[in-house]
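The values are calculated or read from the model by the stated rules, or taken from the named source; none is laboratory data. Note that the coordinates shown come from a computational prediction; the quantities given were computed from them, not determined experimentally. Glycine also receives a Cβ, built like all others from the backbone with ideal geometry; neighbour counts cover every protein chain displayed. Note: areas computed on protein heavy atoms with side chains; ligands, DNA, RNA excluded. Shrake-Rupley method; radii C 1.70, N 1.55, O 1.52, S 1.80 Å.
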Amino acid sequence: MAGTFSQVYIQVVFTVKGWENLIRKEWKDELYKYIAGVIKG
């Protein structure tokens, strides 16, 4: 099977009852700007 490639894309997300966001609303805009800068740079 030389030269044969296969890709499997699977995403599994687990969550628990009572989860909460760890990113505060007042931080969200600045955090997204920072992440965008890192990606661009």
If Lys and Arg each add +1 and Asp and Glu each add -1, what is the summed charge of the other residues whose beta carbon sits under 13 Å from the beta carbon of Leu31?
-> +1
Quick one: with all protein chains in place, what share of the accessible area of the chain is carbon or sulfur, to the nearest percent (1.4 Å probe)?
-> 59 percent
Using only the alpha carbons, work out the radius of gyration and Dmax of the chain in angstrom.
-> 18.5, 54
Working from Cα positions, state the angle (0 to 90°, nearest 10) between the long axis of helix 25-40 and the longest principal axis of the chain.
-> 40 degrees
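Where nothing but the Cβ of Lys and Arg (+1) and of Asp and Glu (-1) is charged, how large is the charge dipole of the chain around its Cα centre, in debye to the nearest 20?
Details: 6 positive and 4 negative charges, 8 e Å.
With only Lys, Arg, Asp and Glu charged at Cβ, the dipole is about 40 debye.
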Simple spin-label model, 7 Å along Cα-to-Cβ: Lys40 to Lys17 in nm?
-> 4.5 nm
How much area per residue is accessible in the chain when the probe is 1.4 Å and only protein heavy atoms are counted (Å²)?
-> 121 Å²
Considering only DSSP states other than H, G, I, E and B, which chymotrypsin sites (Phe, Trp or Tyr not before Pro) in the chain qualify as loop sites with at most 16 other Cβ atoms within 10 Å?
-> Phe5, Tyr9, Phe14, Trp19
